[in-house]
Amino acid sequence: METFFRMTLCRGLACALAAVAALEASPVKADWMLLGGAEEVFDGRFAQVTALFPFSGQLGNGFVHRYSVSYIGYEYPVEDDVVEADSWGGSVAIGYQIPVPNGWLGFGAGAAYRNTHYTPSQPDNPQEGSSIVAQVDIDAGLLHANRLLYATSISYTPRYRAYWGRARVLVRTSPRTLLGPEFVAHGDRDYDARQFGLALQLNRVVGPLELVIKAGTKRIRDGESGAYGGVEFLRHFN
């Protein structure tokens with residue numbers, strides 16, 4: 001279950017770029033943006049809020065700096081007991097955004113601090129207490145004919161050789177909604193999981209606020225499986 005924590009952490013640090021790819025039906029110029037989301041999985045839960053700022057000018061072209069806070073919770077069996085984990089953290093990253101016609105392309109790298117508490121305490125678990133890890137991200141997307149939105153995000157944590165990747169293909173169903181499948185793969189040397197689901201994107205729900213509602217199924221390499229569901233949001237500020 002330690003590897004589950006690693007993958008959830010990897011997903012959390014990638015959330016900033018992943019949420020942008022999932023939510024933006026077309027590039028939007030803004031001074032800064034606030035984004036995040038929450039997800040409930042049969043073997044854990046996650047929430048994060050992120051702020052993204054350009055070094056100069058507007059988002060969408062050039063260097064950006066990113067700040068995130070997140071929460072991770074999960075539980076796993078140890079002999080005849082159940083261990084509960086609560087983990088809080090924050091991250092700082094620098095990225096670069098390349099303007100793409102009808103799309104976007106971004107790269108990011110940074111460091112994250114995390115503090116994890118186990119009940120009962122697990123002194124032999126290297127994840128207990130505080131740690132700092134590095135993370136790199138790639139994010140890309142394309143809006144084709146104002147109808148099909150292709151979006152993908154990939155994240156890698158060198159310390160754990162951990163990866164996280166998501167791809168979505170959303171079809172416009174109305175002027176303000178898109179719907180389509182999503183696929184998520186994440187793992188490391190000891191853990192692999194796959195998620196298949198549907199994502200509903202709602203543009204300009206209240207003013208510039210955009211939402212994504214998602215749900216599906218998750219399967220771990222050892223055969224354990226269950227449902228997941230969540231919500232993402234994005235708000236531009238000019």
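Just round it to a whole percent: the fraction of Cα-Cα distances in the chain exceeding 27 Å. Present the calculation step by step, with values, prior to reporting the outcome.
Values: 8982 of 28203 pairs.
I get 32 percent for the Cα pairs in the chain exceeding 27 Å.
Using a simple charge model, +1 on the beta-carbon of Lys and Arg, -1 on the beta-carbon of Asp and Glu, nothing else, what dipole does the stretch 160-238 show about its Cα centre, in debye to the nearest 20?
Its charge dipole is roughly 280 debye.
Using square roots of five times the C-alpha gyration tensor eigenvalues, list the equivalent-ellipsoid semi-axes of the stretch 93-171 in whole Å, biggest first.
For the stretch 93-171, the semi-axes come out at 35, 15, 9 Å.
How much of the accessible area of the chain, probe 1.4 Å, is carbon plus sulfur, in whole percent?
Within the chain, the accessible surface is 62 percent carbon and sulfur.
Specify which residue in the list Ala162, Val136, Leu234 is farthest towards the positive end of the charge dipole of the chain, using unit charges on the beta carbon of Lys, Arg (+1) and Asp, Glu (-1), about the Cα centre.
Leu234
Can you check what the net charge comes to around Phe42, using other residues whose Cβ is under 13 Å from the Cβ of Phe42 (Lys, Arg +1; Asp, Glu -1)?
Here the count lands on -2.
Roughly how big is the stretch 115-205's charge dipole about its Cα centre, with Cβ charges of +1 (Lys, Arg) and -1 (Asp, Glu), in debye to the nearest 20?
I would put it at about 640 debye.
Which whole-Hz ³J(HN,Hα) couplings does the stretch 198-213 yield from phi under the Karplus relation 6.51 cos²θ - 1.76 cosθ + 1.60, θ = phi - 60°, glycine and proline marked x?
10, 10, 10, 9, 10, 8, 6, 5, 9, x, x, 6, 10, 10, 10, 10
What is the stretch 27-141's relative contact order, in percent, from Cα pairs under 8 angstrom and six or more apart in sequence?
After rounding, I find 19 percent.
Over the stretch 130-238, one equal point on each Cα, no solvent: what is log10 I(q)/I(0) by the Debye formula at q = 0.23 Å⁻¹?
-1.28
Could you give the accessible area per residue of the chain, probe 1.4 Å, as a whole number in Å²?
Working: 10900 Å² over 238 residues.
Per residue, the chain has an accessible area of 46 Å².
Explain nothing, just the number: dipole magnitude of the chain about its Cα centre with +1 on each Lys and Arg Cβ and -1 on each Asp and Glu Cβ, in debye rounded to the nearest 20.
Rounded to the nearest 20 debye, it is 1320 debye.
Quick one: helix 2-23 against the long Cα principal axis of the chain, what's the angle to the nearest 10°, folded into 0 to 90?
Compared with the principal axis, the helix lies near 10 degrees.
Which whole-number percent gives the relative contact order of the chain, counting Cα pairs below 8 Å spaced six or more residues apart?
Numbers: 653 pairs, mean separation 46.5, N = 238.
Normalised by residue count, the contact order of the chain is 20 percent.
The values are calculated or read from the model by the stated rules, or taken from the named source; none is laboratory data. Small disclaimer: the values here were computed from a predicted structure and weren't measured. When we count neighbours, we look across all protein chains shown, and the Cβ atoms used for this are built from the backbone with ideal geometry, even at glycine. Only protein heavy atoms, including side chains, enter the accessible area calculation; ligands, DNA and RNA are left aside. Shrake-Rupley method; radii C 1.70, N 1.55, O 1.52, S 1.80 Å.
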